[in-house]
Amino acid sequence: MQLDAEPLRLVLIEAGQAEACVGSEQVWSAVAGELSRAETRDVLEHSVACGACSRALSTAREFHAGDPPARRRTMPPVLIWALPLAALLAGVAWLGLTGEGPQRALQPSTVRAVGDGPLRSELPEAQPLSRDACLLDWTDAGEGARYSLVVTRDDLEPLVSVAGLEASNYRVAAEALAKVEPGGGIAWRVSARLPDGRLVESVTFFHRLEP
Amino acid sequence: MSCIPATLEKRMALRPDDNKAGGSTAQADRPAREALEEVHDAVRRAVRRACPRRLTGQQEDIVQEAMIRVNRVLEERPDSIESWAYVRRVAFNAVLREIERADRRAEVSLDDQGAEPLPAPDPVLDPSASMALRKALRECLAALARHRRLAVVLHLHGYSLAEGAEILRGSSKQMANLRYRGLADLRTCLEGKGVTP
Ligand SMILES: [Zn+2]
């Protein structure tokens with residue numbers, strides 16, 4: 001009997017979601033090379049029993065199809081050209097993205113930004129957030145910085161928008177998350193106005209709420 | 001065919017930052033449009049790859065719905081510092097969400113019909129045959145030695161030997177060996193269960 005890959009892959013993506021699903025964000029991170037090898041292997045193992053994650057794996061692979069294996073966190077060339085020059089000049093957030101090698105676990109909590117460095121999340125994206133204690137936490141941009149925060153559902157439905165924050169964290173009220181289904185995704189980004197007037201922006205962070 | 005709205009395309013072409021980056025409008029708007037097309041192509045490819053075969057007839061609807069979500073992102077955040085990385089991520093979520101929605105719609109319409117599904121010769125489309133095959137495949141994959149199983153799963157999802165070797169921390173040659181042995185074990189196991197994919 002000949003074993004072709006494609007019919008077998010199609011069987012895997014037919015299945016339903018496993019009960020203890022790792023979530024599509026984790027699959028994305030695995031394919032993007034953002035997880036450690038061990039974590040990536042765990043995701044692959046899980047996908048055997050989870051149709052949803054097999055579909056996520058197939059989907060994520062397509063969105064990373066052009067990425068060279070050794071530089072998986074790099075944008076395709078055409079997309080780099082499309083980046084606004086202002087963003088490139090301010091481009092700290094982008095450097096933050098490209099500075100990581102493939103398969104290296106992202107450890108935002110160990111990378112502290114200072115001054116006008118990039119704003120990073122202090123929360124691992126793979127970690128689901130509690131609806132009742134949804135504390136978003138990011139690196140301190142230095143004394144006198146004022147933060148603006150935008151939180152949306154992962155389909156961009158706005159949830160929270162606040163400005164003038166002095167602390168580098170914000171607790172999202174459970175009521176604001178009412179529009180997010182259990183296990184649903186949120187996206188958030190933060191910007192900091194520094195005392196000298198400069199604006200520093202984070203990339204967008206994605207999380208799942210607890211099921 | 002592009003499903004990028006003309007207004008959006010025009011606005012993308014006129015983005016001042018792009019003009020700065022490219023030096024002229026003609027140079028600047030081409031990459032933005034190409035980038036949009038690239039996302040659209042990726043959405044189309046992803047839907048084709050990730051759509052269960054029971055939803056084959058709805059693939060184009062799924063692509064369109066996903067692109068509507070993506071276009072909303074571009075409408076709302078055209079100048080975001082990481083908009084392209086963000087768009088790609090949103091497109092990924094949109095594809096999965098639309099496949100789930102299409103699946104739910106299909107379930108509802110099957111319930112509405114109240115009829116038994118027509119027998120299908122294709123095991124993937126025939127629910128009972130598909131379930132038997134899926135069960136056998138899972139059991140056989142689970143029975144493989146871990147590294148062989150991982151090598152097979154990577155292979156099924158189109159990972160190259162070099163990519164797989166990087167994840168399994170080995171050489172391409174070791175990867176090829178694991179894949180070969182894993183597929184052989186899998187074939188023997190499936191044959192033992194009397195199922196053919
Ligand atoms: Zn899963």
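The values are calculated or read from the model by the stated rules, or taken from the named source; none is laboratory data. Source: prediction; values computed, not measured. Positions of Cβ are generated from backbone atoms using ideal geometry, with glycine treated the same way; all protein chains shown enter the neighbour counts.
Overview of values
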quantity	calculated
Inter-residue pairs, beta-carbon under 6 Å, first facing another protein chain (nearest Cβ under 8 Å) and in the stretch B:34-51, second acidic (Asp, Glu), 6+ apart	B:ALA42/A:GLU62; B:ARG45/A:GLU62; B:ALA46/A:GLU62; B:ARG49/A:GLU62
From the options B:ARG89, B:ARG146, B:ARG105, residue that is at pLDDT 90 or above and basic (Lys, Arg)	B:ARG146
Meets criteria (within 13 Å of the ligand (Cβ to nearest atom), modelled with pLDDT under 95 and outside any helix (DSSP H, G or I)) for A:ALA65	no
Counted residues, the stretch B:153-180 - those being of a type in the set (Ser, Thr, Tyr) and at the interface with another protein chain (Cβ under 7 Å from one of its Cβ atoms)	0
Selected residue (only one of A:ASP42, A:ASP4 is under 15 Å from B:LEU156 (Cβ atoms), of a type in the set (D, E, K, R) and either away from the ligand (no atom under 11 Å from the Cβ) or touching a residue at least 12 places away in the same chain (Cβ under 8 Å) (or both))	A:ASP4
Some residue of the stretch A:27-42 being more than 7 Å from every other protein chain (Cβ to nearest Cβ), on the phi < 0 side of the Ramachandran plot and in contact with a His (Cβ under 7 Å, 6 or more places away or on another chain)	yes
Top-ranked residue in the stretch B:181-197 [being closer than 18 Å to A:GLU6 by Cα and assigned to a loop (DSSP other than H, G, I, E, B); ranked as farthest from the other protein chains (Cβ to nearest Cβ)]	B:VAL195
Filtered residue count, the stretch A:8-23, keeping only those that are among the β-branched types (Val, Ile, Thr), within 14 Å of the ligand (Cβ to nearest atom) and either free of Cβ contacts under 8 Å to residues at least 12 places away in the same chain or more than 7 Å from chain B (Cβ to nearest Cβ) (or both)	1
Qualifying residue in the stretch B:142-165 (condition: among the polar types (S, T, N, Q) and within 29 Å of A:GLY66 (Cβ to Cβ))	yes
Count of residues meeting criterion [at pLDDT 75 or above and either touching a Ser or Thr at 6+ places or on another chain (Cβ under 9 Å) or closer than 14 Å to A:SER191 by Cβ (or both)] in the stretch A:126-138	3
Qualifying residue in the stretch A:164-178 (condition: at pLDDT below 85, surrounded by 13 or more Cβ atoms within 10 Å (Cβ to Cβ) and at negative phi)	no
